[in-house]
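Heads up: the structure comes next, in C-alpha cells.
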Amino acid sequence: MDIAVILKQVPDTEAQILVDPDNQTRIIEDDIKWILNPYDEFAVEAAVTLAEDTDGETTAICIGTDGAEQVIRTAMAMGVDKGILINDETAITLDIITQSKVLAKALEDVSADLILCGREFIDTNEDALGAALAEFMDLPHVLNITTLE
C-alpha cells in the first residue's frame, strides 16, 4: 500500500513566540527553531509501519520555503521513502482550504492508496486540512482516529 503523508513545519513547542509590532498578524521568526508538527509525526509513524507491513512506499508532502525541507528530512529519517516540498512563499500564508487545493493538485502526481494527515497543527490549531483535502480529491475521509490497521 502506497501512502502519502501531509506535513507542516511549525515553531518548536519550547520557542518563545513574539508578535511582530509592525504587523500584528505575524510573529518575529528570528531565533525560532522550526520542527515537524508533532501530530504529523504520529501520521508519519503510522504510514511507515503500514507501508512496511504491506510492502508499500511512503511520500511526505509539505508546503513551505527552503527551510521546510528539514521537516521532510525528519520524516525520511523516520522511514519515509520520498519527499515533496511545495516551495511557494504565497502558499504558506493561504487559508487552510486553499492550501488543501494546492495539496490536492500536488497529489495528482503521487500514487497513493491512502493519505494521512496529523490531527491538527499546533501553531494555528487548525484541523480541517484532511477533510478539505479529501473533499477536493473526491475521497472518503475519517477524522481523529486512535488506531490504524
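Every residue, every condition in (1) hydroxyl-bearing (Ser, Thr, Tyr); (2) touching a strand residue (DSSP E or B) at 6+ places or on another chain (Cβ under 9 Å); (3) closer than 16 Å to residue 36 by Cβ, yes or no:
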site	(1), (2), (3)
63	no, yes, yes
68	no, yes, yes
80	no, yes, yes
91	no, yes, no
95	no, no, no
114	no, yes, no
133	no, yes, no
136	no, no, no
147	yes, no, no
Quiz item: Any idea which of (1) polar (S, T, N, Q); (2) modelled with pLDDT of 85 or more; (3) not in a loop (DSSP other than H, G, I, E, B) is the one residue 90 doesn't satisfy?
Solution: (2)
Practice problem: Find the residue count for the range 98-149, including only residues that are surrounded by fewer than 17 Cβ atoms within 10 Å (Cβ to Cβ), assigned to a helix (DSSP H, G or I), free of Cβ contacts under 8 Å to residues at least 24 places away in the same chain and not polar (S, T, N, Q). | Solution: 2
Practice problem: Considering each residue of the range 1-59, count those that are surrounded by 14 or more Cβ atoms within 10 Å (Cβ to Cβ) and in a loop (DSSP other than H, G, I, E, B), and give that number. | Solution: 9
Quiz item: Quick one: which of 92, 72, 84 is among the hydrophobic types (A, V, I, L, M, F, W, C), within 14 Å of the chain's Cα centre (by Cα) and open to solvent by less than 30 Å² (accessible area, probe 1.4 Å)?
Solution: 72
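The values are calculated or read from the model by the stated rules, or taken from the named source; none is laboratory data. Computed from a prediction, not measured in an experiment: that's the story for all the values here. Every residue, glycine among them, receives a Cβ derived from its backbone with ideal geometry; neighbour counts consider all protein chains shown. Heads up: the accessible areas ignore ligands, DNA and RNA and are worked out on the full protein's heavy atoms, side chains in. Shrake-Rupley method; radii C 1.70, N 1.55, O 1.52, S 1.80 Å.
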